[in-house]
Amino acid sequence: MRESTPAICENGEPIIQVGEEHSRIFIEPMYYHQKIPNSLQVIYLRQGVYERLTQALLLLPKNFSLILYDGYRPFQVQQFLFANFSKQIARLFPHFTEQEVVRETRKYVAFPSMDQLISPLINFFQRVSKHLLKEVKASGGCHGFGKEIFVRAQS
């Protein structure tokens, strides 16, 4: 697996909270349910991502739905995920140097970054109300967009 960093740039697209407005999109914030510190009880996506998901549902049979496990995740959650995955890699490969552990971890988990170019949502969450900032405890990161989607057939 090749290590790569996708080009990311802020496009000004609105961030929305995904709720129960669509009958075939379900929310299961997995990091919140796993009690990961600073994880969100809600899911935020770029508006365009949500629109593409609703379009995808039009192409699926009516008995299929989407479960969203993750969207935007705060910087602290990304730090937690990266640190825990690094520990697992170090246990599996005790002969790895620290540099090799980090390199292997980056194949599977994005490195947490406060860089405005890598984490364009920092500005968004700095502009929202203090109440939301307390709830979200956001300091940046857009590490999870579009990665954690599961399609299921309803019986």
Loop sites in segment 15-93: GluC sites (Glu not before Pro), DSSP, at most 15 other Cβ within 10 Å: Glu20, Glu21
Over segment 17-95, what is the relative contact order in percent, taking alpha-carbon pairs closer than 8 angstrom and at least six residues apart? 37 percent
Among 107-113, 82-88, what's the highest-first ranking by average C-beta atoms within 10 angstrom per residue? 107-113, 82-88
Asn84 versus Phe111, label points 7 Å from Cα toward the beta carbon: distance in nm? 2.2 nm
Ranked from highest to lowest mean number of other Cβ atoms within 10 Å per residue, what is the order of the peptides 30-42, 60-72? 60-72, 30-42
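We did not get these values from a lab; they are worked out from the coordinates using the rules stated. The shown structure was predicted, so the numbers you read here are calculated from the model rather than taken from an experiment. Note that each Cβ is placed from the backbone with ideal geometry, even for glycine, and that neighbours are counted across all protein chains shown.
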